[in-house]
Amino acid sequence: MLEGINRSRPKIRDSRLPITKELLLLIVKILPFICSSSYEVKLFKAAFSLAYHGLLRIGELAVSNGKSAHIISISDVSWSSFGVLNIRVPSSKTDQLGTGALITLQSQPNSETCPCKLIKSFLVDRPPLPGALFCQDNGAAVTRYQFITVLKKSMERVGVNYKNYSSHSFRIGCATSLSLGGVPDAIIMQLGRWKSNAYKTYIRS
């Protein structure tokens, strides 16, 4: 009960900056100059795009200290008609019962950061192995350290100081974009899988 009360209290707004659509595009474009192989380029293009458009937490994309309880696996990915991408998020830190959630992403034909296009391109090269969706070419799951390191290098390469950002900046950026675009609060909460008004701390003006 106390846990529920704590979740309902507005959290103090943090100072992390949002990764905007424009910054996401710059990051995606610079990856060929950061990554060590074409496979890694495809991997991180897909991972960063999905982190943004799916409002995902890093724990849903990469393993940390060997823990993978919340990570999205290859079996959680499916496609519907007209190129719609379905991603099942098995659980998260706010999903105490582990019921999971379904993210549905529409194709964006004219966008270089379209998650459907980038995921599809990555899956062509991904080894046919079970386990984490985002894995190295040897099947090992991408780690939190690798995700953040590539993100940091990419941002610094395009002239952005990573000090004021974090992996959560993808989530902050998309939530802010939706809010500024007039999307109702209830829809933003649903898309971001927020159970309380905590999502308001993610909105930047």
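The values are calculated or read from the model by the stated rules, or taken from the named source; none is laboratory data. Note that the structure is a prediction, hence the values are computed from the model and not measured. Cβ coordinates were reconstructed from backbone atoms using ideal geometry, including for glycine residues, and neighbour counts include every protein chain displayed.
Exactly one residue out of VAL124, VAL160, VAL142 is of a type outside the set (Asp, Glu), modelled with pLDDT of 95 or more and within 21 Å of GLU22 (Cβ to Cβ): that is VAL160.
Within the stretch 23-73, the set of residues being closer than 25 Å to THR104 by Cα, among the hydrophobic types (A, V, I, L, M, F, W, C), surrounded by fewer than 16 Cβ atoms within 10 Å (Cβ to Cβ) and at pLDDT 95 or above comprises just one member, LEU25. When restricted to residues that are under 18 Å from VAL89 (Cα atoms) and in contact with a Lys or Arg (Cβ under 9 Å, 6 or more places away or on another chain), the stretch 173-192 contains 4. Does ILE188 meet the test of being at pLDDT below 95, surrounded by 20 or more Cβ atoms within 10 Å (Cβ to Cβ), within 17 Å of the chain's Cα centre (by Cα) and of a type in the set (Val, Ile, Thr)? When the stated conditions are applied, ILE188 passes them. Scanning the stretch 167-183 for residues that are among the polar types (S, T, N, Q) and closer than 16 Å to GLU60 by Cα yields a count of 2. Scanning the stretch 36-75 for residues being farther than 25 Å from ILE188 by Cα and of a type in the set (Gly, Ala, Ser) gives a total of 7. Just one of the listed residues (LEU43, LEU61, LEU55) is on the phi > 0 side of the Ramachandran plot and under 14 Å from the mean Cα position of the chain (by Cα), and it is LEU55.
The condition of being basic (Lys, Arg) and in contact (Cβ under 8 Å) with a residue 60 or more places away in the chain holds for only one of ARG144, ARG88, that being ARG144.
Being among the hydroxyl-bearing types (Ser, Thr, Tyr), exposed (fewer than 14 other Cβ atoms within 10 Å of the Cβ) and either at pLDDT 95 or above or not in a strand (DSSP E or B) (or both) holds for only one residue in THR149, THR176, THR201, and it is THR149.
Scanning the stretch 154-173 for residues that are part of a helix (DSSP H, G or I), under 19 Å from LEU50 (Cα atoms) and among the aromatic types (Phe, Trp, Tyr) returns a single hit, PHE170. Picking from ASN138, ASN161, which residue would you name as being surrounded by fewer than 14 Cβ atoms within 10 Å (Cβ to Cβ) and in contact with a helix residue (DSSP H, G or I) (Cβ under 8 Å, 6 or more places away or on another chain)? Sole residue among the options that is surrounded by fewer than 14 Cβ atoms within 10 Å (Cβ to Cβ) and in contact with a helix residue (DSSP H, G or I) (Cβ under 8 Å, 6 or more places away or on another chain): ASN161.
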